[in-house]
1. What's the lysine pair count for the chain at a Cα cut-off below 29 Å, pairs eight or more apart or interchain?
2. Compute the Cα gyration tensor for the range 43-183, then decide on rounded, prolate or oblate, letting a ≥ b ≥ c be the square roots of its eigenvalues: rounded whenever a/c is under 1.5, prolate when a/b is larger than b/c in the other cases, and oblate in all that remain.
3. Which listed residue (Phe54, Leu30, Leu176) has the Cα farthest towards the positive end of the charge dipole for the chain, taking +1 on Lys and Arg C-beta and -1 on Asp and Glu C-beta about the Cα centre?
4. How would the range 112-182 be classified by its alpha-carbon gyration tensor: rounded, prolate or oblate, with rounded meaning a/c under 1.5 and the a/b versus b/c comparison settling the rest?
5. When a/c is below 1.5 the answer is rounded, else prolate if a/b is larger than b/c, else oblate, so apply that to the range 1-57 with a ≥ b ≥ c taken from the square roots of the Cα gyration tensor eigenvalues.
6. Might you report the magnitude of the Cβ-based charge dipole of the range 89-141 about its Cα centre, with Lys and Arg at +1 and Asp and Glu at -1, to the nearest 20 debye?
7. Given charges of +1 on the Cβ of Lys and Arg and -1 on the Cβ of Asp and Glu, with all other atoms neutral, how large is the dipole of the chain about its Cα centre, in debye to the nearest 20?
Amino acid sequence: MHLGLFPLPLFLLPGGVTKLRIFEPRYVRLVKESMASDSGFVLAMKDGDAICRFGTHVKIVDFETLPDGLLGITIRGLSRVKLDNIGQEEDGLWIGDAEALPDWNEVEVAGVLGEALENLFDAHPEHASQYHSEKQFDDMLWVCQRWLEILPLANNQRQWFLAQQDLQEAKQFISLLLTEEKI
């Protein structure tokens, strides 16, 4: 699938929701084309001047005119993707071929990780506000993906987690962090 790329230092996984302010003409075009074709785009990270090899295919689920007159969009992560044939168009918009990676299929109760995330969301409602009634604190997959989005990870760490075939490494990493935090 050939898609536009939006490079941001933002990490979003499937099911994740966030809002973006759109002001550069190339990204206004990306939004228009994405909405017209209902194809979405890829939220990608950069390493220096290069686009990283893994990203998240996202879909625009809402838009608004912000108080400053700029376009605001709300996006939801659909799938992790591997990028190839990355290039830039004349106006600077990045494009590439996105191959969807298999979903992480975890059917496990989140337990302590879910409780800790729920406590974090209670303490920091700005993280929870975009999920409204969609919070799934007992779903291990949903919980781990939200943890990975909010933890202060370096791009190479985020890329590593995006490339994983399952959620095992993420669960161990988050569990270890929470255990060390209690010590």
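1. 20
2. On the way: a/c = 1.97, a/b = 1.35, b/c = 1.46.
It comes out oblate by the Cα gyration axes.
3. The residue sitting most towards the positive pole is Leu30.
4. Numbers: a/c = 1.59, a/b = 1.42, b/c = 1.12.
It comes out prolate by the Cα gyration axes.
5. Here the range 1-57 falls in the rounded category.
6. Using only the charged Cβ atoms, the result is roughly 320 debye.
7. With only Lys, Arg, Asp and Glu charged at Cβ, the dipole is about 240 debye.
All of the numbers you see were taken from the coordinates with simple rules; none came from a lab. All values reported here derive from a predicted model rather than from experimental measurement. Cβ coordinates were reconstructed from backbone atoms using ideal geometry, including for glycine residues, and neighbour counts include every protein chain displayed.
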